[in-house]
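Undergrad: To start, I am sharing the structure in question, which I have written as structure tokens.
The values are calculated or read from the model by the stated rules, or taken from the named source; none is laboratory data. The structure presented is a predicted model; accordingly, all values stated were derived computationally and were not measured. Cβ placement follows ideal geometry from the backbone for every residue including glycine, while neighbour counts extend to all protein chains displayed. Side chains included, ligands, DNA and RNA excluded: accessible areas come from the protein's heavy atoms. Shrake-Rupley method; radii C 1.70, N 1.55, O 1.52, S 1.80 Å.
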Amino acid sequence: MGTKNNNNLFFTCSLIEYIGRTVKRTRKEVTDYLGKERIEKIYEYADVLHCEPIEKVAAEFIEDSKITEGNFDNVEECKYSIPDYWDIGEVYERLIEDSCDDKDIVKGIWEVYHSWIDSHISDYNTDFYYQPRDYIAACYEEGNILL
């Protein structure tokens, strides 16, 4: 399983979350627009990219990937306090660390964002995203929300 506290993975997932909120796209759609090559580049250069304001980095990748405005607004639909994009980035980071091999982290990113769990983590009107990491990983492994 993955290395704990992978800062590059944390930044990559937080950037995907930030871009998704900015362009109102599901996080799966964001990864589709970015494509595996750009995601790999973000992951590989996260230690440099994180020195810039995330707004600037996001704007550059939005423009470079030609990401258009969508209509997925989970922030607007949230009835409760909205989790920070860093918080959600951490949820994805931990899940990818817990369920994917370190040697192929980009594949792990792709698989998690393209799985059933993406819509559940993005639903801020449930308490799913702030459940313990081992519970979220168990749900992912099982293929559904465990009771």
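Undergrad: Under a GNM of the chain (C-alpha, springs under 10 Å), which listed residue has the highest mean-square fluctuation: Thr31, Thr126, Thr12?
TA: Thr126
Undergrad: Roughly how many Å² of His50 are accessible to a 1.4 Å probe, to the nearest 10?
TA: 110 Å²
Undergrad: Among the lysines, which fall within straight-line cross-link reach of Lys66, defined as a Cα-Cα distance under 24 Å, with same-chain neighbours fewer than 8 residues apart omitted?
TA: Within the straight-line cut-off, Lys66 pairs with Lys24, Lys28, Lys36, Lys41, Lys56, Lys107.
Undergrad: Can I ask one more? Where a ≥ b ≥ c are the square roots of the eigenvalues of the C-alpha gyration tensor, would you call the chain rounded, which needs a/c under 1.5, or, failing that, prolate if a/b is larger than b/c, or oblate? Spell out each step's value before the answer.
TA: Details: a/c = 1.63, a/b = 1.14, b/c = 1.43.
Cα axes put the chain in the oblate bin.
Undergrad: Give a residue-ordered list of calculated ³J(HN,Hα) values for the range 24-41 (Karplus: 6.51 cos²θ - 1.76 cosθ + 1.60, θ = phi - 60°; whole Hz; x for Gly, Pro).
TA: Each residue of the range 24-41 in turn: 6, 10, 5, 5, 4, 4, 4, 5, 5, 4, 5, x, 5, 4, 5, 4, 4, 5 Hz.
Undergrad: If you don't mind, there's one more thing I want to ask. Taking R0 as 25 Å, what FRET efficiency do you get between Glu76 and Lys56 from their Cβ-Cβ distance, rounded to the nearest 0.05? Please list the in-between numbers first.
TA: On the way: r = 24 Å, r/R0 = 0.95.
Efficiency at R0 = 25 Å is approximately 0.55.
Undergrad: Taking R0 as 35 Å, what's the FRET efficiency between Glu141 and Glu63 from their Cβ-Cβ distance, rounded to 0.05?
TA: Details: r = 37 Å, r/R0 = 1.06.
With R0 = 35 Å, the Cβ-Cβ based efficiency is 0.40.
Undergrad: Whole number please: convex hull volume per residue, Cα atoms of the range 88-147, in Å³.
TA: Working: hull volume 4.3 nm³, N = 60.
For the range 88-147, the hull spanned by Cα atoms encloses 72 Å³ per residue.
Undergrad: How large is the helix-only mean residue ellipticity at 222 nm for the chain, computed as the sum of -39500 (n - 2.57) over DSSP H runs with n ≥ 4, divided by its residue count, in deg cm²/dmol to the nearest 500?
TA: Details: 8 runs with 90 residues, N = 147.
Helix contribution divided over all residues of the chain: -18500 deg cm²/dmol.
Undergrad: Shape of the range 40-121 from its Cα gyration tensor (a ≥ b ≥ c, root eigenvalues): rounded if a/c is under 1.5, otherwise prolate when a/b > b/c, or oblate?
TA: Since a/c reaches 1.5 but b/c is at least a/b, the shape of the range 40-121 is classed as oblate.
Undergrad: Quick one: Karplus J couplings for the range 118-129, per residue in order, coefficients 6.51, -1.76, 1.60, θ = phi - 60°, nearest Hz, x for Gly and Pro?
TA: Listing the rounded values in order: 3, 5, 6, 5, 7, 8, 6, 8, 10, 9, 4, 5 Hz.
Undergrad: Label-point separation (nm) for Trp86 and Glu44, each offset 7 Å from Cα along Cα-to-Cβ?
TA: Those two pseudo-labels are separated by 2.8 nm.
Undergrad: Enumerate by residue number the trypsin sites (Lys or Arg not before Pro) in the range 38-80 meeting two conditions: DSSP loop (anything except H, G, I, E, B), and at most 11 other Cβ atoms within 10 Å of the site's Cβ. If you can, show how the numbers build up before the last one.
TA: Details: sites: Arg38, Lys41, Lys56, Lys66, Lys79; in loops: Lys66, Lys79.
Answer by residue number: Lys66, Lys79.
Undergrad: State log₁₀ I(q)/I(0) for the range 1-46 at q = 0.30, 0.31 Å⁻¹ as given by the Debye formula over alpha-carbon point scatterers of equal weight, solvent excluded.
TA: These q points yield log10 I(q)/I(0) values of -1.09, -1.12.
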